[in-house]
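A short write-up of the structure that comes next.
What follows draws every value from the coordinates through simple rules; no lab data is involved. In this text the structure is predicted, and so the values were computed from the model without any measurement. A quick note on method: Cβ atoms are made from the backbone with ideal geometry, for glycine too, and the neighbour counts reach across all protein chains shown.
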Amino acid sequence: MQRLARMEEKEGSLHVAMFPWLAMGHLLPFLRLSKLLAQKGHKISFISTPRNIERLPKLPSNLSSSITFVSFPLPPFPNLPPSSESSMDVPYINQQSLKSAFDLLKLPVTEFLRRSSPDWIIYDYASHWLPSIAMELGISKAFFSLFNASALCFMGPPSSLIEDFRSTPEDFTVVPLWIPFESKIVFRYHEVTRYVEKTEEDVTGVSDSVRFGYSISESDAVFVRSCPEFEPEWFGLLQDLYQKPIFPTGFLPPVSEDVDGEEEDATWVCIKEWLDKQRVNSVVYVSLGTEASLPQEELVELALGLEKSKVPFFWVLRNEETLILDGFEERVKGRGMVQVGWVPQVKILSHESVGGFLTHCGWNSVVEGLGFGRVPIFLPVLNEQGLNTRLLEGKGIGVEVPRNERDGSFDSDSVADSVRLAMVDGGGESKRANAKMMKGLFGNKDENIRYVDELVGYMRSKGSSH
Ligand code: UDP
Ligand code: UDP
C-alpha cells in the first residue's frame with residue numbers, strides 16, 4: 001500500500017528548473033520555493049553561477065538528493081570583477097555589466113534545458129530571453145515575481161510596448177514607466193524620476209521595464225511572493241492586467257537554516273555580543289539593502305537623526321559608503337554600532353533585542369522584518385520600494401520618514417521623529433501593534449505549504465508539452 005502510494009507520488013512528480021537573477025535577494029526566495037517543492041517529492045535543478053551557489057545556505061540532508069545545483073561560470077565582462085571576487089557588494093554601477101554577462105548565460109542554459117528537459121522552468125525578470133527558448137523546447141514556464149502583487153501591477157509595460165519590443169528589440173534602451181491612475185497616490189514624483197534615471201543608465205540595450213514586461217507577458221503563469229489575504233484588491237487587478245494564471249507562493253519566510261546557519265562566522269559573533277547587551281525590543285536595525293546607496297549628505301542626516309532619536313541602533317553600511325561625520329561614533333558609543341559590509345540580516349532580525357527595522361523597504365527585508373514582528377521605519381530609495389511603503393503604511397503598519405515631495409530630501413529631525421514614533425513614543429502604539437500582528441501572516445510557514453500545494457496542482461495539470 002505504502003509502496004503504491006510512493007509510486008503514485010513519483011509518477012506525479014515534476015522536474016522543475018529554477019533560474020533566478022544573480023542576487024541573494026532573488027536566489028534565497030527561489031531556494032525556499034525549491035525546498036518546499038522538493039519536500040513534496042519534486043526534483044529541482046537550481047541554475048546559477050558557482051560564486052552564488054557557494055554563498056547559499058547548506059541544504060538539509062533530507063533534501064540534498066532532490067535539489068541539484070547546476071552551475072555555469074559567468075562569462076568575463078568589462079567592469080565586472082573576476083567571478084571569484086564578485087559578491088553582493090559589487091557597486092551598483094556594475095549591475096549593468098552584470099546584466100550583460102548574465103545574458104551571455106543564454107547559451108549554456110539553453111543547452112542544459114535541451115539535455116535535461118525539465119517539465120517547468122521558473123525564472124525572474126532578468127531572463128527576458130528565456131521564455132522563447134522554453135517554448136521552443138516545449139517546457140512550461142513561469143515568471144516568479146519577487147515583488148508583491150501591488151508593485152507588480154506597476155511594473156508591466158502595456159502590451160503595445162511589448163509588441164514593439166518583439167519587432168525591434170535593438171531600439172529599446174529607455175522605456176517610459178507605465179503609470180496607471182492609482183500611481184498618483186502611490187508613486188511619488190521623486191521616485192518616478194529616480195526610476196526613470198535608472199532606466200536611462202541601462203547599457204545592456206534592454207531596460208529593466210522591458211526585461212520585466214517581456215518576462216511576464218511570455219510566461220504561462222505568474223507566481224507572486226505574497227498572498228491574497230494580504231493584498232486582495234491587487235491580486236484581482238493583476239489578474240485583469242495580465243490575463244493569465246496568477247498564483248501566490250506565500251511570503252516564503254526565512255527557514256531555520258537561514259536563522260541558525262551552521263557556521264558561526266566572526267561577524268555574527270561580534271554583532272551578537274553587542275546585541276546580547278541591549279534590552280529586549282530596544283534596538284533599531286538600520287539597513288538599506290544591497291543596491292540603494294545614499295549620497296553623503298543623506299548619510300549624514302540619517303546619522304544625526306539616529307543620534308538625536310536616543311534609541312539604540314545597529315547600522316550597516318554598504319562597502320562603498322563612507323560616513324564622514326566628525327566624532328559621531330564616539331558620541332553614540334555603547335548605544336549605536338556602525339558596521340560596514342555584509343551582515344547576516346536574518347540572524348540580526350531574529351535577535352530579541354531588535355524591536356524596529358529602518359529599511360529601504362525591499363520586499364525581502366519587509367518579509368524578514370515583519371516575519372519577526374519588528375516595527376518598520378521606511379526610507380524607500382529605488383525601484384518599487386516606495387510602492388511597498390505606501391502599501392504597508394496604508395494598512396497602518398510602520399512609519400515612513402517624511403521626505404521633501406519634490407526632490408526627495410529628508411533631514412535628521414524627521415528621521416529622529418519617525419524612529420521615536422515607531423519605537424518608543426506614545427502615539428505609535430497602534431503602529432507597533434499592527435507590525436507585531438503581521439508576524440502571524442508573514443512568518444507563517446504552514447500557509448506557504450498550502451499555497452505550494454495549489455501551485456503544484458496547477459503545474460501538474462499543465463505539465464510540459466514535450
Ligand atoms: N551580485 C551578486 N552576485 C554576483 C555579483 C553581484 O549577487 O555574482 C550583486 C549585484 O552586484 C548587486 C546585488 O547583487 O549588488 C543586486 O541585488 P538586488 O537584490 O538589489 O538586485 P535587484 O533586485 O535590484 O536586481
Ligand atoms: N542582506 C543580508 N545582509 C546584508 C544586506 C542584505 O543578509 O548586509 C540580505 C537581506 O536579508 C535580504 C536581501 O539581502 O534578504 C536584500 O533584499 P531586499 O529585497 O531587502 O533588498 P535589495 O537588496 O534587493 O534592494
Binned Cα-Cα distance frequencies in the stretch 235-278 - 10 Å width, integer %
20, 26, 17, 15, 20, 1
Run the numbers for D425 and V300: contour at 0.36 nm per residue of separation, minus the present Cα-Cα distance, in nm.
42.6 nm
Report the label-to-label distance for V259 and N319 in nanometres (one decimal), using points 7 Å from each Cα along the Cα→Cβ vector.
3.0 nm
Are there any GluC sites (Glu not before Pro) in the stretch 367-430 that are in a DSSP loop and have at most 14 other Cβ atoms within 10 Å? List them by number.
E405
Can you sort L455, L74, L441 from fewest to most other Cβ atoms within 10 Å of each residue's own Cβ?
L441, L74, L455
Mind checking the dipole of the stretch 262-442: about its Cα centre, +1 per Lys or Arg Cβ, -1 per Asp or Glu Cβ, Debye to the nearest 20?
800 debye
For the stretch 262-442, inverting the pair-averaged 1/r of distinct alpha-carbon atoms gives a Kirkwood value in Å of 16.2 Å
Could you give the nm distance between label points at N404 and A266, where each point is 7 Å from its Cα heading toward the beta carbon?
4.3 nm
Spacing of the two label points (7 Å from each Cα toward its C-beta) at L56 and S116, in nm
1.0 nm
Among the listed pairs K58/K333; K277/K436; K333/K439; K43/K272; K58/K445, those beyond 30 Å (Cα-Cα)
K58/K333; K333/K439; K43/K272
Taking 0.36 nm per residue of separation and subtracting the Cα-Cα distance, what length does fully extending E136 through E273 add?
43.8 nm
Dipole check, the stretch 262-442, charges on Cβ (K,R +1; D,E -1), about Cα centroid: among L441, S412, T322 the Cα furthest to the positive pole belongs to L441
